[in-house]
1. In the stretch 441-500, what count of residues is obtained for those that are surrounded by fewer than 17 Cβ atoms within 10 Å (Cβ to Cβ), among the charged types (D, E, K, R) and either in contact with a strand residue (DSSP E or B) (Cβ under 7 Å, 6 or more places away or on another chain) or within 19 Å of TYR421 (Cβ to Cβ) (or both)?
2. Based on this model, can you work out whether SER207 counts as over 25 Å from PHE141 (Cα atoms) and at pLDDT 90 or above?
3. From the list GLY272, GLY204, exactly one residue is surrounded by fewer than 22 Cβ atoms within 10 Å (Cβ to Cβ), touching a helix residue (DSSP H, G or I) at 6+ places or on another chain (Cβ under 8 Å) and either in the same structural domain as VAL125 (by TED's automatic domain parsing) or among the basic types (Lys, Arg) (or both). Which is it?
4. Collect the residues in the stretch 355-405 that are in a loop (DSSP other than H, G, I, E, B), at pLDDT 85 or above and among the polar types (S, T, N, Q), keeping them in residue-number order.
5. Which residue, of GLY177, GLY199, GLY167, GLY185, is at positive phi and of a type outside the set (Ser, Thr, Tyr)?
6. As an exercise: evaluate LEU305 against (1) touching a residue at least 40 places away in the same chain (Cβ under 8 Å); (2) outside the structural domain of ALA354 (by TED's automatic domain parsing); (3) not hydroxyl-bearing (Ser, Thr, Tyr) and give the number of the one condition it does not meet.
7. Within the stretch 168-188, is even one residue at pLDDT 95 or above, in a strand (DSSP E or B), more than 19 Å from GLN74 (Cα to Cα) and in contact with a helix residue (DSSP H, G or I) (Cβ under 6 Å, 6 or more places away or on another chain)?
Amino acid sequence: MAAERQAAQRESIGARTSLVRLGRALSIGAALGAAILLGAGAPTPAMAQFGPTGGFADLAKRLSPSVVNISTAQTVKRPRGRAPQFPPGSPFADLFEDFFDKDGKPRKVESLGTGFIIDAKGIVVTNNHVIDGAEEIYVVFVDGSKAPAKLIGRDKETDLAVLRIEGKGPYPALLWGDSDTARVGDWVVAIGNPFGLGGSVSAGIISARGRDIKAGRYDDFLQTDAAINRGNSGGPLFNMKGKVVGVNTAIISPSGGSIGIGFSIPSKLAKGIVEQLLKYGEVRRGWLGVRVDDLKEDAAKKAGLAKARGAVVTRLDKDGPGTQAGLKKDDVIVRFGATEITNMRSLLKAVASAEIGSTVKIDILRDGKPMTLSATIGKQGAKTALKAPKRRAGVDVGKTEKIRSIGVELGTLTAEARAYYRVAKRFNGVIVVDVDKTSSAYEQGVRDGDVIVEVARTATADPKAARAAIEKELDAGKEKVLLMIARGADVRYIAVKFKR
């Protein structure tokens, strides 16, 4: 992915607060200038000055050699246009000249992130977005030495990637901790490479657990107030025993600098993903073949529940494991194996982590009566994709907009289109009415009947506005545009490459 797609942002707290991915944020030559512009000097939480007896020095000294900087390089196009004009001698003039070029000639960009060693043979964990699109990957050790690294596997759903250092070991490895035992209020330490400055240590506490920040289907983040910034992506979050309980991946910030709201992938999830990437080179997730939604209060009463809990089946794939097990539309799933199902997200995570080929008991409510079914778990893959129906002649989608840069034609999500394509009521956006089969959008799975809910983290419900938002990303020199896609009751994020 292009370096210019540096950080996906979501307007979430106030008009100027955004969700920021932490890695691949800076070109090395502009690191310090960008740090100034992005407000890297934002104050850290006052409580961070109070630490355990003896401080964190011994912990930092022991752990730092196992934390590495990730340096990547790729060729990108510069944004079209001219750099902003500054007074003669301004320190910002050279900085902006690096990012703008009159003729838009490609240039080689180096970006920085963080990773950590988990095996003496040189296995490194980082974020997928740190290395996405990289032509070259290097790890830089705490002593300044450097070695090339090879990508073993990555998982876009959880934003994790595994590398292997191409050099002589052994390397100092870290141990995974148990994120399930991490409590709100426990001390944690983050080590990373903020703004390309090199290894930095910060401390704080776990502020919350199980955070859903709308980054993907399997969100289950630890929240921390330990100061993490751009460049910290892929870095470890340690407990006081020096074990990794999280992988730092995003912050909420109005400026790009830490305000004490950071998010880490819990070690329980990360460890399982990493083990699969090492074993298979991919992540093999369980598949039930059902579409579900959260159970609403009125439906809960009809099902005989005192409060809304569980996931209601809205659609089943023909011949899928759920259908074969006897599940039906409007069944309420309240338990999947040993996991109590509280909402749609809890079911998605439970099914995804289930062993492929295993038989799992599913407790349901059907017309208010409890039942137990057994399902043999399938594997997510080609069969898991819900086939989008072809556009039916006469479906009202208003005046359409053809966007050749990404190969889609968009229309208005009218009530008629919503009913025909079975779009969940909670989703609003623009309807896809045609997709160029040679486009990146088609390769990413976009089909007729899909709904584009957001363009570059901004909600859109008008075809013209969607086109303008997409073209804005293109004119900014970005290689890809981030889209939030809804299909039926499902939602996912994809990055669609522009045609040039």
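The values are calculated or read from the model by the stated rules, or taken from the named source; none is laboratory data. Predicted model only: the values in this text are computed from it and were never measured. With ideal geometry, Cβ positions are generated from the backbone for all residues, glycine too; neighbour counts draw on all protein chains shown.
1. Step one: of the stretch 441-500, the residues surrounded by fewer than 17 Cβ atoms within 10 Å (Cβ to Cβ) are 442-443, 445, 458-459, 461-462, 464-465, 468, 471-472, 475-476, 492, 499-500.
Retained after the next criterion (residues that are among the charged types (D, E, K, R)): 443, 462, 464, 471-472, 475, 492, 499-500.
Narrowing further to those that are either in contact with a strand residue (DSSP E or B) (Cβ under 7 Å, 6 or more places away or on another chain) or within 19 Å of TYR421 (Cβ to Cβ) (or both): 462, 464, 492.
Residues in the stretch 441-500 being surrounded by fewer than 17 Cβ atoms within 10 Å (Cβ to Cβ), among the charged types (D, E, K, R) and either in contact with a strand residue (DSSP E or B) (Cβ under 7 Å, 6 or more places away or on another chain) or within 19 Å of TYR421 (Cβ to Cβ) (or both): 3 in total.
2. Details: over 25 Å from PHE141 (Cα atoms): yes; at pLDDT 90 or above: yes.
So SER207 fits the description; yes.
3. On the way: GLY204 fails: surrounded by fewer than 22 Cβ atoms within 10 Å (Cβ to Cβ).
The match here is GLY272.
4. SER358, THR400, SER405
5. Details: GLY177 fails: at positive phi; GLY199 fails: at positive phi; GLY167 fails: at positive phi.
Of the residues listed, the single one that is at positive phi and of a type outside the set (Ser, Thr, Tyr) is GLY185.
6. (2)
7. Checking the stretch 168-188: at least one residue is at pLDDT 95 or above, in a strand (DSSP E or B), more than 19 Å from GLN74 (Cα to Cα) and in contact with a helix residue (DSSP H, G or I) (Cβ under 6 Å, 6 or more places away or on another chain).
Residue-wise test of (1) surrounded by 23 or more Cβ atoms within 10 Å (Cβ to Cβ); (2) in contact with a Pro (Cβ under 9 Å, 6 or more places away or on another chain).
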residue	(1), (2)
ALA147	no, no
GLY153	no, no
ALA161	yes, no
GLU166	no, yes
TYR171	no, yes
GLY185	no, no
PRO194	yes, no
SER200	no, yes
ARG209	no, yes
